[in-house]
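Notes follow the structure.
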Amino acid sequence: QVTCVEVVETYVERIREVNPLINAVVKDRFEEALQEAQQVDQLLAEGPGDEYLEEKFPLLGVPVTVKEAFSLHGMPNTSGLVNRRNVIATSDATVVSRLKQAGAIPLGVTNCSELCMWYESSNRIYGRSNNPYDLQRIVGGSSGGEGSVLAAACSVIGVGSDIGGSIRMPAFFNGVFGHKPTTGVVPNDGQFPNARGVRTSFLCTGPMCRYAEDLEPMLRVMAGPGVNRLKLNEKVSLEKIKFYCMDHDGGSVFVSPVDKEILQAQKEVVEHLQGELGVQVQHVVIHKMKYSFQIWSAMMSSKDSDGEEAQLFTDLLGDHGKPVWPLWELMKWLVGMSSHTFPAIALGLTEKLMKLNPGGNAKLVSMGKSLQEEMEALLGPDGVLLYPSHPTIAPKHHSPLCMPFNFAYTAIFNVLGLPVTQCPLGLGREGLPLGIQLVAASHNDHLTLAVARYLEKAFGGWVLPGQV
């Protein structure tokens, strides 16, 4: 009904209209995108047949945006680090290349937090991104520009990465869908910083989008040959899923209590599943979840099986130059002289403190391993856990500094390696998105994706900002 050029032009126009408010797209490639759209229209006019095209180019002509931490040829690849401000990608990250080969058309790259290690997307190169539902609120991080751009209807699908919730927090705060796949299936190559040592088992690259049905085709393309491990071809009978529900982490001292509104939304999901599908949703209490933040921190800084130390964040901040001294940077920051953001400096300091307690860390790592076994046993081949995405709805700018460990609600699933789909549940009282995490055992991504599609129909999914 419409040409690819018309589609791309419409999205380009939309970005030009709203990006000055949300600051989500940090560098565009509109001219190249329009040329690629013309090539798509030409291909369609030559008519090699729809079936052939669908098989060879499943995402033909679909506009996509990419988190700036991934290389996209000709685009900056700084991850918000000032001393990388002149780095331009000369190749494509593996997932970007696969999406392009499937026919997708990149419109540009989107903002992230400095070095992708904080849940407010703000840095000293591009500044701060804003939530389209309320510009005074955060977009989450580190794939925050991606969450914002999708929510504002500036892109169809987006590429994110997640080592502590960096796909799911932005998807939650911006009311879109995001999927953290089972670890080790979708390649992480071509992003900066990339994981090394033990962290390679925690970092996940995954799809973000406005509509639940787009997660699966995008995941298939991104996973490439590894996709068979995710059982996406298996039919899912929702009535046969064993549903479990946990309202909160058990009251960690490091994390805010869960907002009443988020608890209420989760309760409505439970009631809906029981009423409409006739399933029993079993409430569970998993005691170790109370230590989510400590387990994640200890596992992130542990050695891998070859005894390789985890890469120090302070080395990453220096990016092959001199390592950064966090205390010195803090002094400079206080007088406005540091080129780093406060959260990055604080993380550098925390890392130094973590090193002071190797015995405590080892205990937490083994607690993490036993929690993983407990979760896998509970969920089995047909279980899905409902769990809050975050203790609060999208906070105001800067307020994450007062509650720095709230990302534990998402982070725990990175070190457990489980697949998680973040699913929006409409808007709350203040017109801000609500949502829920859907968790399954390893390689059962098909279950959480199927439940997300069902909940989208039941609760309305993504809502255009400014509708209220």
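Within segment 239-266, the set of residues being touching a strand residue (DSSP E or B) at 6+ places or on another chain (Cβ under 8 Å), part of a loop (DSSP other than H, G, I, E, B) and not β-branched (Val, Ile, Thr) comprises Met246, Asp247. Is one or more of the residues making up segment 440-449 modelled with pLDDT of 95 or more and open to solvent by 50 Å² or more (accessible area, probe 1.4 Å)? Yes, segment 440-449 contains a residue that is modelled with pLDDT of 95 or more and open to solvent by 50 Å² or more (accessible area, probe 1.4 Å).
Of all the numbered requirements in (1) open to solvent by 50 Å² or more (accessible area, probe 1.4 Å); (2) more than 12 Å from Pro106 (Cα to Cα), Ile22 misses one, and that requirement is (1). Annotation: of all residues in segment 389-425 being farther than 18 Å from Ser129 by Cα and of a type in the set (S, T, N, Q), the one that is farthest from the chain's Cα centre (by Cα) is Thr392.
Of the residues making up segment 166-200, those that are in a helix (DSSP H, G or I) and open to solvent by 10 Å² or more (accessible area, probe 1.4 Å) are Gly197, Val198, Arg199, Thr200.
The condition (being part of a helix (DSSP H, G or I), open to solvent by less than 50 Å² (accessible area, probe 1.4 Å), modelled with pLDDT of 85 or more and of a type outside the set (S, T, N, Q)) is satisfied by just one residue among Ile345, Ile412, Ile393: Ile412. Filter segment 396-409 down to the residues that are open to solvent by 10 Å² or more (accessible area, probe 1.4 Å) and not in a loop (DSSP other than H, G, I, E, B) and list them by number. Listed by number, the residues that qualify are Lys396, Ser399, Leu401, Cys402.
The values are calculated or read from the model by the stated rules, or taken from the named source; none is laboratory data. Keep in mind that what you see is a predicted model, and the values were worked out from it rather than measured. Quick reminder, even Gly has a Cβ in these numbers, built from the backbone with ideal geometry, and neighbours come from all protein chains shown. Remember, those area values only see protein heavy atoms, side chains included, never the ligands or the DNA or RNA. Shrake-Rupley method; radii C 1.70, N 1.55, O 1.52, S 1.80 Å.
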